[in-house]
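Asker: There's a structure below that I have some questions on.
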Amino acid sequence: MPDPNPAAVDFLLSRRSRPAKTLQAPAPDRAALAPMLTAALRSPDHGKLEPWRLIVLERAALARLADLAVARGRALGLDPEQVEKTRTSYADSPLAVAVVSCPVASEKVPEVEQLYSAGAVCLALLNAALASGWGANWLSGWASHDRGFVEAGLQLAPGESVAGIIHIGTERAAPPERPRPDPAAKITWMDQ
């Protein structure tokens, strides 16, 4: 017989990310963040390859990344508004965690499944932060996909990529609820 956890189901049915621009200090300290990081690492991992790692970005690192985003954006000739939006996402964040996908050579586990596992780490961390009472948002953006930015800013190795950046902090104001998908439009039942 199932052993339901109604509180967990209620959380999942009502969870929602908090816009990064509504997050402010304080952010969780290292002791408060540790169980969230541990929860994230319990994500599905076919083959037990651990094809991901986490980089915790504290204020000084975020300020450095904000400056790097400006330099890289200018070097790439990007639209100044796009560059400023990225700069602000780092400069204004109280804390962020970069989830890095680092696929492992495997005959049994395709690289795409390993990438999905890194995505699962992102969602698990996001949910762990929300369940812990913090505001959190999963972002990426052009900088997290730019090799120059991730190699200089996060010291990513060849073959590594950013699956997502989870921003965590104290929420200034709860955003209004947004429309959700209609289950009837998105779920297909097959009985044969």
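The values are calculated or read from the model by the stated rules, or taken from the named source; none is laboratory data. Please read these numbers as outputs of a predicted model, since none were measured by experiment. In this analysis, Cβ positions are derived from the backbone assuming ideal geometry, glycine residues included, and neighbour counts consider all displayed protein chains.
Asker: If a residue has to be closer than 17 Å to L78 by Cα and either surrounded by fewer than 16 Cβ atoms within 10 Å (Cβ to Cβ) or touching a residue at least 60 places away in the same chain (Cβ under 8 Å) (or both) to count, how many in the range 141-155 make the cut? Working first, answer last.
Answerer: Of the residues in the range 141-155, the ones closer than 17 Å to L78 by Cα are 141-150.
This time we only want the ones that are either surrounded by fewer than 16 Cβ atoms within 10 Å (Cβ to Cβ) or touching a residue at least 60 places away in the same chain (Cβ under 8 Å) (or both), so: 142-143, 145-149.
Of the residues in that region, 7 qualify.
Asker: Ok, one more. Has the range 65-73 got any residue that is at pLDDT below 95, touching a Lys or Arg at 6+ places or on another chain (Cβ under 7 Å) and in a helix (DSSP H, G or I)? Lay out the reasoning, then the answer.
Answerer: Restricting attention to the range 65-73, the residues satisfying the condition of being at pLDDT below 95 are none.
No, the conditions are met nowhere in the range 65-73.
Asker: Scan A163, A174, A136, A120 and give me the residue that is in a helix (DSSP H, G or I) and either among the aliphatic types (A, V, I, L, M) or without any contact (Cβ under 8 Å) to a residue 40 or more places away in the chain (or both).
Answerer: Values: A163 fails: in a helix (DSSP H, G or I); A174 fails: in a helix (DSSP H, G or I); A136 fails: in a helix (DSSP H, G or I).
It is A120.
Asker: A further question follows. Given the structure, is A60 more than 30 Å from P110 (Cα to Cα), free of Cβ contacts under 8 Å to residues at least 24 places away in the same chain and out of contact with any strand residue (DSSP E or B) (no Cβ under 9 Å at 6 or more places or on another chain)?
Answerer: Values: more than 30 Å from P110 (Cα to Cα): yes; free of Cβ contacts under 8 Å to residues at least 24 places away in the same chain: yes; out of contact with any strand residue (DSSP E or B) (no Cβ under 9 Å at 6 or more places or on another chain): yes.
Criteria met by A60.
Asker: Of all residues in the range 1-44, how many are modelled with pLDDT of 95 or more, charged (D, E, K, R) and not in a helix (DSSP H, G or I)?
Answerer: 2
Asker: Among the residues of the range 74-99 satisfying the criterion of being part of a helix (DSSP H, G or I) and loosely packed, with under 14 Cβ neighbours inside 10 Å, which is nearest to the chain's Cα centre (by Cα)? Show your work before the answer.
Answerer: We begin by selecting, within the range 74-99, every residue part of a helix (DSSP H, G or I); these are 74-75, 80-91.
Restricting the remaining residues to those that are loosely packed, with under 14 Cβ neighbours inside 10 Å gives 74-75, 80-81.
Working: R74: 25, A75: 26, P80: 25, E81: 23 Å.
Out of the qualifying residues, it is E81.
Asker: Tell me, please, whether a residue that is of a type outside the set (V, I, T), over 26 Å from F149 (Cα atoms), touching a strand residue (DSSP E or B) at 6+ places or on another chain (Cβ under 9 Å) and surrounded by fewer than 15 Cβ atoms within 10 Å (Cβ to Cβ) can be found in the range 43-51.
Answerer: Here is the first cut: in the range 43-51, the ones of a type outside the set (V, I, T) are 43-51.
In the following step, the residues that additionally are over 26 Å from F149 (Cα atoms) were identified as 43-49.
Now drop any that are not touching a strand residue (DSSP E or B) at 6+ places or on another chain (Cβ under 9 Å), which leaves 43, 45.
Okay, now just the ones that are also surrounded by fewer than 15 Cβ atoms within 10 Å (Cβ to Cβ), so none.
Looking for residues that are of a type outside the set (V, I, T), over 26 Å from F149 (Cα atoms), touching a strand residue (DSSP E or B) at 6+ places or on another chain (Cβ under 9 Å) and surrounded by fewer than 15 Cβ atoms within 10 Å (Cβ to Cβ), one finds none in the range 43-51, hence no.
Asker: Please enumerate the residues belonging to the range 100-115 that are surrounded by fewer than 17 Cβ atoms within 10 Å (Cβ to Cβ) and either in a loop (DSSP other than H, G, I, E, B) or among the hydroxyl-bearing types (S, T, Y) (or both). Break it down into steps so the answer makes sense when it comes.
Answerer: Here is the first cut: in the range 100-115, the residues surrounded by fewer than 17 Cβ atoms within 10 Å (Cβ to Cβ) are 104-108, 110-112, 115.
Selection gives V104, A105, S106, E107, K108, P110.
Asker: So if I check each of L130, L139, L125, which one is closer than 26 Å to F11 by Cβ, among the aliphatic types (A, V, I, L, M) and touching a His at 6+ places or on another chain (Cβ under 7 Å)? Walk me through how you get there before you give the answer.
Answerer: Values: L130 fails: touching a His at 6+ places or on another chain (Cβ under 7 Å); L125 fails: touching a His at 6+ places or on another chain (Cβ under 7 Å).
Exactly one residue qualifies, and that residue is L139.
Asker: Kindly establish whether A71 is among the hydrophobic types (A, V, I, L, M, F, W, C), farther than 23 Å from R172 by Cβ and buried (at least 22 other Cβ atoms within 10 Å of the Cβ). Break it down stepwise before answering.
Answerer: On the way: among the hydrophobic types (A, V, I, L, M, F, W, C): yes; farther than 23 Å from R172 by Cβ: yes; buried (at least 22 other Cβ atoms within 10 Å of the Cβ): no.
So A71 does not fit the description; no.
Asker: What is the number of the single condition among (1) assigned to a helix (DSSP H, G or I); (2) modelled with pLDDT of 95 or more that P158 does not meet?
Answerer: Just one mismatch for P158, condition (1).
Asker: Quick one: is A40 in contact (Cβ under 8 Å) with a residue 12 or more places away in the chain, surrounded by 11 or more Cβ atoms within 10 Å (Cβ to Cβ) and out of contact with any Pro (no Cβ under 7 Å at 6 or more places or on another chain)? Lay out the reasoning, then the answer.
Answerer: Details: in contact (Cβ under 8 Å) with a residue 12 or more places away in the chain: yes; surrounded by 11 or more Cβ atoms within 10 Å (Cβ to Cβ): yes; out of contact with any Pro (no Cβ under 7 Å at 6 or more places or on another chain): yes.
Spelling it out, A40 is indeed in contact (Cβ under 8 Å) with a residue 12 or more places away in the chain, surrounded by 11 or more Cβ atoms within 10 Å (Cβ to Cβ) and out of contact with any Pro (no Cβ under 7 Å at 6 or more places or on another chain).
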